[in-house]
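Some notes on the structure that comes next.
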Amino acid sequence: MSGPPNRVHTGQLSPDGGWRWDGTTWMPVVPALTPAMARHRKLMVWWLTSTSTVLVVLVAVAAIWAYQQIPFGPRGLGCLPSDFPTFPKTTILEVDQSFEMPVQGDTRACRMRLSSTERFDSVNSFFRQRLNAGDWMYTRYSEDSGGAITDFQLRSRALTYGVVTVHKQPIGTAFEIELFS
């Protein structure tokens, strides 16, 4: 005797189209990749790749910016000696270091252009105080409406001397340091 006739044939789809009869059980149907789905996948891959690239570039820029904000170690700032007063949160704009023929004992020149977000008064008073302490002393100071100039020298070696020029600006402060040693 045979059982009731099987109305479901092997390979037949369920009424909702989500299942296929394999002869013993219903198996889920994996939909075919339509052209719209393929375009969507390509768009997602392109979007993820370009977004990742932009993110990597932004992280690199942030890392470079953060590195520039780190105070310099015992080498000193740029071409300056390690005991030269270094104003905090300073951005180096330009460094020019040259070795010249000795003139009265001078062998090296260091010129730097720097800037800070601090006000003129803060930067100016910092250098006036720090260049009159330790082995440094200022020899002349002048100030006018455009800024201030401080001449200084090393107490232990008078042939090491220089000038700090601090400029008045509406926002932030630009300053230059020239050192001859």
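The values are calculated or read from the model by the stated rules, or taken from the named source; none is laboratory data. For clarity, every value in this text was computed on a predicted model and none was experimentally measured. All Cβ positions, even for glycine, are placed from backbone atoms using ideal geometry, and neighbour counts span all protein chains on display.
Inspect all residues belonging to region 143-156 and state whether any of them is on the phi > 0 side of the Ramachandran plot, modelled with pLDDT of 90 or more and of a type in the set (Gly, Ala, Ser).
Yes.
The rows are residues; the columns are (1) surrounded by 10 or more Cβ atoms within 10 Å (Cβ to Cβ); (2) modelled with pLDDT of 90 or more.
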site	(1), (2)
Trp21	yes, no
Val29	yes, no
Ala32	no, no
Met44	yes, yes
Leu48	yes, yes
Leu55	yes, yes
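Return a yes/no flag: does region 86-94 have any residue that is assigned to a loop (DSSP other than H, G, I, E, B), of a type outside the set (Val, Ile, Thr), modelled with pLDDT of 85 or more and under 26 Å from the mean Cα position of the chain (by Cα). It would help to see each step written out before you state the result.
Here is the first cut: in region 86-94, the residues assigned to a loop (DSSP other than H, G, I, E, B) are 86-89.
Filter again for of a type outside the set (Val, Ile, Thr), leaving 87-89.
Now restrict to residues that are modelled with pLDDT of 85 or more: 87-88.
Applying the additional criterion that residues be under 26 Å from the mean Cα position of the chain (by Cα) yields 87-88.
Looking for residues that are assigned to a loop (DSSP other than H, G, I, E, B), of a type outside the set (Val, Ile, Thr), modelled with pLDDT of 85 or more and under 26 Å from the mean Cα position of the chain (by Cα), one finds at least one in region 86-94, hence yes.
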